[in-house]
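The values are calculated or read from the model by the stated rules, or taken from the named source; none is laboratory data. Remember, predicted model here, so these are calculated numbers, not experimental data. Here the Cβ positions follow ideal geometry from the backbone for every residue, glycine too, while neighbour counts run over all protein chains shown. With ligands, DNA and RNA removed, areas are computed over all heavy atoms of the protein, side chains included. Shrake-Rupley method; radii C 1.70, N 1.55, O 1.52, S 1.80 Å.
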Amino acid sequence: MNKEEDEEMWTEDMDGFPATGEFSLQNIAKNFSKQDYIMEPSIFLQLKRYFQAGGEPELVIDQLSQNYTATAQMANLLADWLVVAGMDGIEVQAMVENHLKDMILKIFDPKKADTIFTEEGETPSWLTMLIEHKTWRDLIYRLAEEYPDCLMLNFTIKLISDAGYQSEITSISTAAQQLEVFSRVLKTSITKILSKNPSDEEWHTAIEELAKMVCFGQHTYIYSQILVHVLAQETKGGHNMKRIAQEVQQYALRNGLNVTPMTMALYGNTQIEHPQACEALSSMLSRNCLNPADINVLYRCYSSTSPAPPIDLVRNPQFLDLLVDSLFKAGVKINQEHKSKYIYLLAYASSVSETMSGKKGSNKQKVIHKEELKPTVQAIEQVHSICNLNKGSTELIAEIQALYNCIKFPVVGVGLIRWIEATVTEPSFFKLCTESTPIHLAILDEIANVHPSLHDGILKLLIRLFESKQDELEILVQLELKKMLLDRMINLLTRGCVMPVVKYIKQCCAKGDTDVSLIRYFVTEVLETITQPYSPEFVSLFLPMVENEDITNRMNDEENDPFAEFIVQARANMFSN
């Protein structure tokens, strides 16, 4: 019954009881004649109205009983028969629930759903019970995505948040329309991220979910970034919040969102105190392209004797990416007259630090530490000149010692990874390569040895190469190439990047699209490299590959079987833990 019919049928008197009338009785009787109407939540309200209007009990009994087909009860009976026939009860329940979900998704009407509140005037008890079950919460999430304007669904999302399930609704756009719900979800998401290790896959997944939710709209992005920006000023854990803000900004840029005005707004007083620097940076960020004139403005601001703008201004991730690409990425042309300024700004952003001097309570002053600036500039200049000449492997060997000396600077490591990626991903690189291990990938090994923070970028590049099609090479050559790439991954593993590497090989094993001989090679080499004790997480991933006969059966007849030895040690570790 909709609102218009309800207003037409009923007029309230002074005591709050509906007026009687033949018209009212006829309309209520129509409801009683509907199939299984006795199962409707509003049955008691309609019965009350009917008897107050002078309706006959016999008619009600006849109408409700004659039109009772027991659809729900028959479904329950059939489910009981399936259990008696031997099906698992949980399986039967899931089958019934999934069918109901499909039916609801098919016929759901948001307008009718909104009448639930207009008819009952309060939160239905069945709705409170419904959100206690994850199956039905998942249904609400799906419906909320499809019908974001439905009041009933928005209210139910709030109920779910109030009940403590906000961690489940990180990707629900409806949450972004309710500040209270969104704040809870944001808090839960950030807490989840802070509890993870940045090198773990779960951390990246959590960041992705948070960024997707934050970038739902301008209001959610501004609210979230301001909140994170304020928390980033805290001494304890502030750097973690700054990392989260930067990851969200990067996600927005990858998805084509123009967040430059909002990013610049977060610099606050810097825009008033250093308007030229902010204007130059904003111009380049908005166009996602460096400009010699704007670079010149920034260079003057940071190299002059007058107080320089805050270093955070040039530590913008987008700006740093543009600088690294311009100096190290193959094929990018840079104005030679301004090259030194590009190098200076990149070195300044990566090596200079700021501290506040003065005792507590006195006027503090900003102190800029530039001790590492000059050597960083020299290292970038030297490596840039080597990379920019596009030397082949033979000529590069002569420069290898110079490169290794400069790799100790993290910014050089980042630039070399960018340069190596652009070089080795050329379609003809491995076809023309004559070395068993290209010098470029040997440089990657050295970067992995020196900079653990760059392991993630190196592994991504190795995975990209491992999965690339090298159809122009012979099959045996392709296998040798993949073994060489596995050696690079094992080097990463020995340098501390254990779980990401093992997880990737486990995925290759599960997909079944990687030659078994390569999995066997990896397992064998790792067993020759590692020693106990083993962490439970490592054992849970690596042990199934060792126990897989398709991978290790060729070694079972050997006297010193490393596979069998590892299985014994791993199981002993499991029991001791």
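Filtered by the rule that a residue be more than 23 Å from Ile386 (Cα to Cα) and in contact with a Pro (Cβ under 9 Å, 6 or more places away or on another chain), the range 428-454 gives a lone residue, Ser453. Does Ile244 satisfy the condition of being free of Cβ contacts under 8 Å to residues at least 60 places away in the same chain, open to solvent by less than 30 Å² (accessible area, probe 1.4 Å), among the aliphatic types (A, V, I, L, M) and not in a loop (DSSP other than H, G, I, E, B)? In short, yes.
To keep it simple, each residue is scored yes or no on (1) surrounded by 18 or more Cβ atoms within 10 Å (Cβ to Cβ); (2) of a type in the set (Lys, Arg); (3) at pLDDT 85 or above.
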{"residue": "Met103", "(1), (2), (3)": "no, no, yes"}
{"residue": "Lys106", "(1), (2), (3)": "no, yes, yes"}
{"residue": "Pro110", "(1), (2), (3)": "no, no, yes"}
{"residue": "Phe117", "(1), (2), (3)": "no, no, no"}
{"residue": "Glu122", "(1), (2), (3)": "no, no, no"}
{"residue": "Ser125", "(1), (2), (3)": "no, no, no"}
{"residue": "Leu143", "(1), (2), (3)": "yes, no, yes"}
{"residue": "Glu146", "(1), (2), (3)": "no, no, no"}
{"residue": "Ile160", "(1), (2), (3)": "yes, no, yes"}
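The set of residues in the range 296-313 that are within 33 Å of the chain's Cα centre (by Cα) and β-branched (Val, Ile, Thr) contains only Ile311. Just to be sure I understand the filter: pairs with C-beta atoms under 9 Å, separated by 6 or more residues or on different chains, first member in the range 154-169 and under 21 Å from Leu210 (Cβ atoms), second member of a type in the set (Phe, Trp, Tyr) and modelled with pLDDT under 80. Which pairs pass? From residues that are under 21 Å from Leu210 (Cβ atoms), there are no pairs.
Scanning the range 308-338 for residues that are without any contact (Cβ under 8 Å) to a residue 24 or more places away in the chain and not acidic (Asp, Glu), we see that the one that is least open to solvent (accessible area, probe 1.4 Å) is Ile334. For the range 370-427, a tally of residues being over 17 Å from Leu323 (Cβ atoms) and touching a Pro at 6+ places or on another chain (Cβ under 8 Å) returns 2. Is it true that Phe563 is within 23 Å of Thr434 (Cβ to Cβ), open to solvent by less than 30 Å² (accessible area, probe 1.4 Å), of a type outside the set (A, V, I, L, M) and in a helix (DSSP H, G or I)? Taking the combined requirement at face value, the residue does not satisfy it. Does the range 71-101 hold any residues that are farther than 25 Å from Thr156 by Cβ, open to solvent by less than 80 Å² (accessible area, probe 1.4 Å) and among the small types (Gly, Ala, Ser), and which are they? Hits for the range 71-101 are Ala79, Gly86, Gly89. Out of Leu253, Leu194, Leu210, one residue alone is over 22 Å from Pro500 (Cα atoms) and either in contact with a strand residue (DSSP E or B) (Cβ under 8 Å, 6 or more places away or on another chain) or surrounded by 13 or more Cβ atoms within 10 Å (Cβ to Cβ) (or both). It is Leu253. Residues that are open to solvent by less than 50 Å² (accessible area, probe 1.4 Å) and of a type in the set (Gly, Ala, Ser) were ranked within the range 269-291; the one that is nearest to the chain's Cα centre (by Cα) is Ser282.
Would it be correct to say that Glu480 is within 25 Å of Glu446 (Cα to Cα), touching a helix residue (DSSP H, G or I) at 6+ places or on another chain (Cβ under 6 Å) and surrounded by fewer than 17 Cβ atoms within 10 Å (Cβ to Cβ)? No: the conditions fail for Glu480. Among helices (runs of 4 or more DSSP H) entirely within the range 435-527, having at least 2 residues that are charged (D, E, K, R), at pLDDT 90 or above and more than 26 Å from Trp203 (Cβ to Cβ) singles out 475-494.
Taking the range 292-307 as the range and being in contact with a helix residue (DSSP H, G or I) (Cβ under 6 Å, 6 or more places away or on another chain) and open to solvent by 10 Å² or more (accessible area, probe 1.4 Å) as the test, the residues that pass are Asp294, Val297, Tyr299, Cys301. Put simply, of Leu266, Leu253, Leu320 the only residue that is farther than 27 Å from Thr425 by Cα and under 24 Å from the mean Cα position of the chain (by Cα) is Leu266.
Does the range 262-273 include one or more residues that are under 24 Å from Ser161 (Cβ atoms), of a type outside the set (Lys, Arg) and out of contact with any Leu (no Cβ under 6 Å at 6 or more places or on another chain)? Looking for residues that are under 24 Å from Ser161 (Cβ atoms), of a type outside the set (Lys, Arg) and out of contact with any Leu (no Cβ under 6 Å at 6 or more places or on another chain), one finds none in the range 262-273, hence no. Considering the range 179-233, and only residues there that are free of Cβ contacts under 8 Å to residues at least 40 places away in the same chain and assigned to a loop (DSSP other than H, G, I, E, B), the residue that is farthest from the chain's Cα centre (by Cα) turns out to be Gln233.
Checking Lys101, Lys34, Lys48 one by one, the residue that is closer than 30 Å to Lys134 by Cβ and either in contact with a Ser or Thr (Cβ under 9 Å, 6 or more places away or on another chain) or of a type in the set (Lys, Arg) (or both) is Lys101 and no other. Tallying residues that are free of Cβ contacts under 8 Å to residues at least 40 places away in the same chain, outside any helix (DSSP H, G or I) and either of a type in the set (Lys, Arg) or surrounded by fewer than 16 Cβ atoms within 10 Å (Cβ to Cβ) (or both) within the range 383-426 yields 5. If you filter the range 20-51 down to residues that are assigned to a loop (DSSP other than H, G, I, E, B) and open to solvent by 40 Å² or more (accessible area, probe 1.4 Å), you find that the one that is modelled with the lowest pLDDT is Thr20.
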